[in-house]
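Trainee: Provided herewith is a single structure, encoded as structure tokens, for subsequent inquiry.
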Amino acid sequence: MPRSPRPLLCAGAKPEFVVTLNVTLMLTTVPDEDTAEKLASGALAQRLAACVTRLGAVHSEYHWQGRIESGEEVQLLFKTSPARAAELEQFIQTEHPYETPEILSWQAAASNAYGQWVDAETQRPIHV
């Protein structure tokens, strides 16, 4: 939902108000490009995300079952509306090949135009 307008002041400028909207950013890592494509295309097809950015290959080191492991992974950053965030998280949890997938999410203030676009693109399809 829209946040309260906040004044932006530049030297010598009149106060202006900018309306921002919240979007939810959700990050996960997957083992390979095929899995990245599957999660991204599935989330987009179901309108659970307006955009999915592949942040690329990363090298992760982590504790797992009493040992320190490491491996190459692909990071994905999903942009969704707060209204669809829980459904997106459930989709990632269900479709992810890891037993305990990394799913991190946070709210970000977006420009009004971008926030409206994310909201519009993540509307549930209407079936008539």
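Trainee: Counting other C-beta atoms within 10 Å, which of D119, D34 has the fewest, and how do the rest follow?
Mentor: Listed from fewest to most nearby Cβ atoms, that is D34, D119.
Trainee: May I ask you to order 40-46, 27-33 by the average number of other C-beta atoms within 10 Å around their residues, highest value first?
Mentor: 27-33, 40-46
Trainee: Subtract the Cα-Cα distance of L25 and L77 from 0.36 nm times their separation in residues, and report this length gain in nm to one decimal.
Mentor: Result for the pair: 18.1 nm of gain on full extension.
Trainee: Please identify the GluC sites (Glu not before Pro) of segment 34-128 that satisfy two criteria: DSSP loop assignment and at most 13 other Cβ atoms within 10 Å. Which are they?
Mentor: In loop regions of segment 34-128 (DSSP not H, G, I, E or B), the sparsely surrounded GluC sites (Glu not before Pro) are E99.
Trainee: Now for a separate question. Going by the alpha-carbon gyration tensor, a ≥ b ≥ c the square roots of its eigenvalues, is segment 21-121 rounded (a/c under 1.5) or, if a/c is not under 1.5, prolate (a/b greater than b/c) versus oblate?
Mentor: prolate
Trainee: For a footprinting-style exposure proxy, rank I68, I126 by other Cβ within 10 Å, fewest first.
Mentor: Ordered from fewest to most neighbouring Cβ atoms within 10 Å, I68, I126 come out as I126, I68.
Trainee: How far is the Cα center of segment 57-78 from the Cα center of segment 80-127, in Å?
Mentor: 22 Å
Trainee: Here is a further query. Sort R84, R47, R67 so the one with the fewest other Cβ atoms within 10 Å of its own Cβ comes first.
Mentor: Values: R84 24, R47 18, R67 7.
If I rank by nearby Cβ atoms, fewest first, I get R67, R47, R84.
Since every read-out is calculated from the coordinates, none of them should be taken as a lab result. All figures in this text were calculated on a predicted structure; none of them were measured in a lab. Neighbour counts run over all protein chains shown; Cβ positions are idealised from the backbone, glycine included.
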